[in-house]
Amino acid sequence: MIEVRFHGRGGQGAVTAVRILASALYLEGKYTQAIPMYGTERRGAPVVAFLRIGESRINERDLVHNPDIVVVLDPLLSRTVPVTEGLKEGGLIVMNFPKPGTEAGIGGRFMLATVDATGIALEALGRPITNTAMLGAFAKASGLVSLESLEKTLLEHWPGRLGEMNLRALRTAYERVTPPVDVSGIQAQEKRPREEIFSKDVSSWRIFKPQLDEDRCVGCRRCYIYCPEVAISMIQGKARVDYSSCKGCGICGEECPTGAISMVQEAL
Amino acid sequence: MGRWEVMVGNKAIAYAAKLARVQFISAYPITPQTSVVEYLAEMVASGELDAEFVNVEGELTAQTAALGASAAGARAFTATSGPGLLYMHHPMHATSGGRFPVVMAVIHRSVKGMQPDHSDMMAQRDTGWIMLECENSQELLDTGIMAFKIAEDERVRLPTIFAGDGYILSYTAEPVEIPSQEDVDAFLPPYRSSYPLLPGLAEEARRVQMEQWGIGQDPQLRWRRQQEAMEAAKMVIMEVNEEFYKWFGRRYGNGLVEEYRCDDVEAFIVAMGTIASTARTAIDRLQAKGRRIGLVKLKSFRPFPSEEFRRLGAMVRAIGVIDRNISLGSGGITFQEIRSSLYDLEERPRILGFHAGLSGKEVRVGDIEMICEKTLRAAKGEGPPSLVEWI
Ligand code: SF4
Ligand code: SF4
């Protein structure tokens with residue numbers, strides 16, 4: 001049996017990813033089990049999902065503690081979440097990271113393949129929803145599932161245009177993912193304090209950051225009302241973002257009627 | 001021939017209701033409801049399923065509405081979870097008292113918190129419903145179909161719950177075979193109530209009911225008749241399980257309990273639901289190491305298969321019972337019932353009780369291996385004669 005753990009953030013589609021993978025592998029004659037871990041459904045909060053792949057019905061109903069493979073959907077997550085915890089020696093990590101695996105701050109007796117899934121998702125979908133790109137990367141790096149089965153399942157899941165867009169993300173990542181590199185010689189980066197679902201400081205969740213143009217702000221308070229994290233305060237008639245509470249969801253930018261808020265990608 | 005699909009447990013439950021061609025579905029649509037009724041609502045809206053779907057304002061009404069539909073002669077279904085089931089408690093007595101064969105899916109959720117345990121269903125244990133527990137999504141679908149056949153059998157006529165653990169099954173996706181509609185139709189013919197409470201027929205129906213089910217005579221008689229129906233249900237459950245096997249090639253032990261690798265063992269453990277599933281792996285590992293321990297999966301919690309445990313208990317020296325529940329102030333519920341089933345044996349095995357998985361606490365393969373080792377020690381006469389432990 002092969003066990004896989006997916007790490008992501010609420011909204012990146014980790015649960016959908018394991019379900020699609022379970023269906024695609026089933027097409028190839030495997031028995032599968034896709035287990036989501038539900039917590040509070042908070043967009044941006046760290047989430048995990050598991051996948052078991054076996055040759056016959058899988059009886060284990062506990063969680064996966066010693067995965068063979070770890071997939072990381074978010075480029076910054078590994079700074080606060082111990083993504084390699086319990087990973088078997090010689091195990092594979094497939095990570096959304098725009099640089100070579102040796103620069104990801106992950107070390108240990110593992111193999112690491114990277115792909116800029118955020119970049120690919122933005123190109124293909126216009127949104128940083130990285131799950132389908134990471135499925136393409138997973139297929140190539142692990143060799144466990146064919147691109148064809150994934151394509152078929154994906155189109156069943158999203159018929160029409162959405163399916164086509166996701167197909168592009170899937171295929172592009174399949175082509176661009178790096179071959180796995182040995183990271184046993186790399187010093188693992190110091191972790192920041194472990195992130196919890198109820199964390200107050202959510203700045204590490206951001207891929208995009210709201211930037212305020214004070215001249216264009218007319219003080220209408222829309223952003224202040226809609227921000228789900230209460231990260232915006234109104235000071236002397238102008239909006240101001242408290243960046244430690246801002247998770248980068250972009251709702252303020254969507255709601256602002258004057259275009260005073262633009263979302264800029266965070267540097268890695 | 002059926003077809004296969006990778007689906008979550010909630011969808012498997014919805015398919016059971018659809019394939020059974022339920023005519024009436026009542027549900028409270030908000031938390032703690034699950035996506036079972038969402039799938040069913042879609043099936044009804046798309047015309048795939050011809051049923052009356054009634055959204056109600058609470059679970060008490062959901063149960064009462066299902067009761068009413070069943071009384072009028074419709075095949076009625078509802079689903080709920082955790083605290084929703086607690087709200088149904090009062091009318092559930094009426095459903096069983098009126099001998100209405102409503103079928104209900106229970107997606108376990110603890111009465112303390114969101115994660116699963118069996119406290120929700122155990123709180124209904126004396127409501128007079130048949131209760132069948134499932135360990136995977138295939139079993140949920142299959143048991144759902146069987147539940148109607150059991151409930152509607154003239155020898156039984158009792159409402160029936162089929163249940164599975166929330167999250168662990170309800171939102172986990174795995175391959176499930178969906179039997180063909182033709183086969184299910186042949187296995188489960190349409191429901192024909194012999195005593196529909198319809199205008200004009202109502203009087204006659206009431207008269208028959210009173211006679212047969214003891215209403216309006218000796219005040220205790222209706223209880224006694226219900227208990228007799230529960231006893232009769234044991235045979236019916238076994239029959240339906242075998243007939244299902246003939247049609248679909250799957251069966252669940254003898255319908256009441258399933259013995260897993262119990263040949264030539266000196267002890268066995270007992271578990272319900274998903275813990276029984278995980279326990280299979282533990283048993284496989286231990287038997288590979290030469291340990292002589294098996295698993296008895298308890299599928300029918302009500303009626304409780306005491307005879308089965310008497311038969312099985314006579315073959316071993318120790319039994320370890322895992323309860324995903326507790327009767328506070330007393331103890332593990334299946335532990336006590338099994339223990340009492342063994343009382344009449346000349347030579348009783350030792351029996352140990354374990355509480356595990358309450359409020360969704362994870363039960364790992366290793367936990368069950370440890371339970372097995374303790375049970376094996378008891379079989380060798382080591383350790384205390386009786387023991388209750390929290391895992
Ligand atoms: S992006 Fe805007 S709306 Fe979202 S958390 Fe940050 S300030 Fe609030
Ligand atoms: S929505 Fe735009 S204009 Fe209105 S207060 Fe916020 S930043 Fe200013």
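Could you list, ordered by first residue, the pairs with Cβ atoms under 8 Å in which the first is in region A:112-127 and open to solvent by 50 Å² or more (accessible area, probe 1.4 Å) and the second is of a type in the set (Val, Ile, Thr), at least 6 apart or interchain?
Filtered contacts from region A:112-127: A:GLU123/A:THR172.
Could you go through region A:210-221 and let me know if any residue there is within 25 Å of A:PRO98 (Cβ to Cβ) and within 16 Å of ligand 1 (Cβ to nearest atom).
yes
Which members of region A:128-151 meet the condition of being part of a loop (DSSP other than H, G, I, E, B) and hydrophobic (A, V, I, L, M, F, W, C)?
A:ILE129, A:LEU144, A:VAL145
Filter region B:343-376 down to residues that are among the aromatic types (Phe, Trp, Tyr) and either open to solvent by 60 Å² or more (accessible area, probe 1.4 Å) or within 11 Å of another protein chain (Cβ to nearest Cβ) (or both), then give me how many there are.
1
Under 23 Å from B:VAL176 (Cβ atoms) and surrounded by 19 or more Cβ atoms within 10 Å (Cβ to Cβ): is that true of B:VAL106 in this structure?
yes
Taking A:GLY248 as meeting all but one of (1) crowded, with 19+ Cβ neighbours inside 10 Å; (2) modelled with pLDDT of 95 or more, write down the number of the exception.
Going through (1) crowded, with 19+ Cβ neighbours inside 10 Å; (2) modelled with pLDDT of 95 or more one by one, A:GLY248 breaks only (2).
Which members of region B:310-361 meet the condition of being among the acidic types (Asp, Glu) and at pLDDT below 95?
Answer for region B:310-361, where residues must be among the acidic types (Asp, Glu) and at pLDDT below 95: B:ASP344, B:GLU346, B:GLU347.
Just checking, how many residues over region B:318-342 are open to solvent by 30 Å² or more (accessible area, probe 1.4 Å) and either of a type in the set (Val, Ile, Thr) or within 23 Å of B:ASN254 (Cα to Cα) (or both)?
5
Would you pick out the residues in region A:256-266 that are of a type outside the set (A, V, I, L, M, F, W, C) and either under 17 Å from A:TRP205 (Cα atoms) or in contact with a Cys (Cβ under 6 Å, 6 or more places away or on another chain) (or both)?
A:GLN265, A:GLU266 - these are the residues of region A:256-266 that are of a type outside the set (A, V, I, L, M, F, W, C) and either under 17 Å from A:TRP205 (Cα atoms) or in contact with a Cys (Cβ under 6 Å, 6 or more places away or on another chain) (or both).
Please pick out the residue among B:LYS361, B:LYS299, B:LYS380 that is outside the structural domain of B:MET230 (by TED's automatic domain parsing) and farther than 25 Å from B:PRO116 by Cα.
Every option except B:LYS380 fails the conditions.
Filter region B:343-375 for residues that are in a loop (DSSP other than H, G, I, E, B) and of a type in the set (A, V, I, L, M, F, W, C); which is nearest to B:SER327 (Cα to Cα)?
By that ranking, first place goes to B:ALA356.
Condition first: of a type outside the set (Val, Ile, Thr) and open to solvent by 10 Å² or more (accessible area, probe 1.4 Å). Now tell me which residues in region A:90-103 satisfy that.
Scanning region A:90-103 gives A:GLY90, A:LEU92, A:PHE97, A:PRO98, A:LYS99, A:PRO100, A:GLU103.
Just checking, which of B:ARG222, B:ARG207, B:ARG157 is exposed (fewer than 14 other Cβ atoms within 10 Å of the Cβ), out of contact with any Asp or Glu (no Cβ under 6 Å at 6 or more places or on another chain) and among the charged types (D, E, K, R)?
Selected residue: B:ARG207, the only one of B:ARG222, B:ARG207, B:ARG157 that is exposed (fewer than 14 other Cβ atoms within 10 Å of the Cβ), out of contact with any Asp or Glu (no Cβ under 6 Å at 6 or more places or on another chain) and among the charged types (D, E, K, R).
The values are calculated or read from the model by the stated rules, or taken from the named source; none is laboratory data. Being a predicted model, the structure only gives us computed values, none of them experimental. Cβ: placed from backbone, ideal geometry, glycine included. Neighbour counts: every protein chain shown. Calculation scope for accessible area: heavy atoms of the full protein, side chains included, ligands and nucleic acids excluded. Shrake-Rupley method; radii C 1.70, N 1.55, O 1.52, S 1.80 Å.
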